[in-house]
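We did not get these values from a lab; they are worked out from the coordinates using the rules stated. Just so you know, these numbers come straight off a predicted model, no measurement behind them. Using ideal geometry, Cβ is built from the backbone for each residue, glycine included, and neighbour counts are taken over all protein chains shown.
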Amino acid sequence: MTKIHDPSSAAKPGIDRPLRLGTRQSPLALAQAEMTAKALVAAHRWSADQVELVPMIASGDRILDRSLADAGGKALWTKELDRSLAAGEIDCAVHSMKDVETIRPEEFVVAAMLERADIHDRLVGAENIDALPHGAIVGTASPRRKAQLLRQRDDLDIRLIRGNVQTRLAKIAAGEYAASLLAAAGLDRLGMDDIGTDISDELMLPAPAQGAIGIETLREAQAIRDLLSDISCSATFQAVMAERAFLAELTADCHSPVAANAVVQDTQLCLRAEILLPDGSESVSDSVEFANDDKQAPARLANSLLGRASAELKAVFGR
Ligand SMILES: NCc1[nH]cc(CCC(=O)O)c1CC(=O)O
């Protein structure tokens, strides 16, 4: 006997069963997943139990003795969630867009981004960069932050610091480092908005996608994509995609000191970007305004910056 396909028998996530949100297990990742869950519940008038968090440990959380760049790159943040998404164990995965590789497997799609938070870096351990003592030890794992700090203060002793936000703050409190830089967005989401001082984006243009939370799902999962699109902030989405397009053209990875930030103004985007030598001794920056639908503009900016760079700086980007 042939089975008659009954579409109502396919359990609808969020309706017949909870929508499963995959997340890393760090306190910041969990806070971001909670924000996503809240947004879904509000947008769809669900009850709280229609969304379920599925936390997992990422390789990036396990490897703490090396910089991410040396250990295998940004994939270390997404590998476990990717596998789980592909296996159908979760319906979508919540990420800090800053940690998501520029080129992603074709089967995944960023279906939504929450409204972007504070884009700035916050200095913890001193009032401002000038107030740091001569030769002070500053902890960061970011080539961008290191280069931008050294550009301003080449006497600083920049050393690798790894671990989640709480771990880093504990290391400063213990005197292992005089100071560190952390994303304001992360501190704010952890309720630590009273810690540290914002560094202006003139001095330190943030990392591409800093402050943005993205939710990925399977490209083919149209029902999930629809549920997610209802919580997406289109201005954030367009801005972050422009920043990522800039990165893609540079073929930058997490070794590369790169900063970029875009803002949407009506039908226009304004993209500011900067590339630096790792020791901060050279930086090239510029900004461009372009129409939202001009998808090539970020790549043009990348090439114009490279065109003005020294041979040494070009080489950082494999040119
Ligand atoms: N690489 C770690 C990471 N990824 C995203 C954030 C902060 C949250 C955000 O930028 O949205 C952080 C911590 C930090 O840079 O201090």
If I stretch the segment between His255 and Asp194 completely, what's the gain in nm (0.36 nm per residue apart, minus their alpha carbon distance), one decimal? 18.9 nm
Extension gain, Ala315 back to Ser229 (0.36 nm per residue minus Cα-Cα distance, nm): 27.0 nm
Apply the Karplus curve 6.51 cos²θ - 1.76 cosθ + 1.60, θ = phi - 60°, to the phi angles in region 99-107 and return the couplings in whole Hz, x for Gly and Pro. 9, 8, 3, 5, 9, 10, x, 4, 6
Long-range amide H partners of Arg159, meaning residues 5 or more apart or on another chain whose placed amide H is closer than 5 Å, are Val138, Gly139, Thr140
If you build a Gaussian network model of the chain, linking Cα atoms that sit under 10 Å apart, which residue out of Leu181, Leu250, Leu64 swings the most? Leu64
Aspartates and glutamates whose Cα lies under 15 Å from that of Lys38, excluding same-chain neighbours fewer than 8 positions away: Asp49, Glu52, Glu115, Asp230
Determine by what factor the alpha-carbon radius of gyration of the chain differs from 2.2 N^0.38 Å, reporting the quotient. 1.04
If you take every DSSP beta bridge fully contained in the chain, what fraction is antiparallel? Give it as a percent rounded to 5. 70
Hey, got the dipole for the chain? About the Cα centre, +1 on K and R Cβ, -1 on D and E Cβ, debye to the nearest 20? 620
Whole-Å distance linking the alpha carbon centroid of region 268-319 with that of region 32-94 is 31
Length released on extending from Asp293 to Arg308, taking residue separation times 0.36 nm less the Cα-Cα span: 2.8 nm
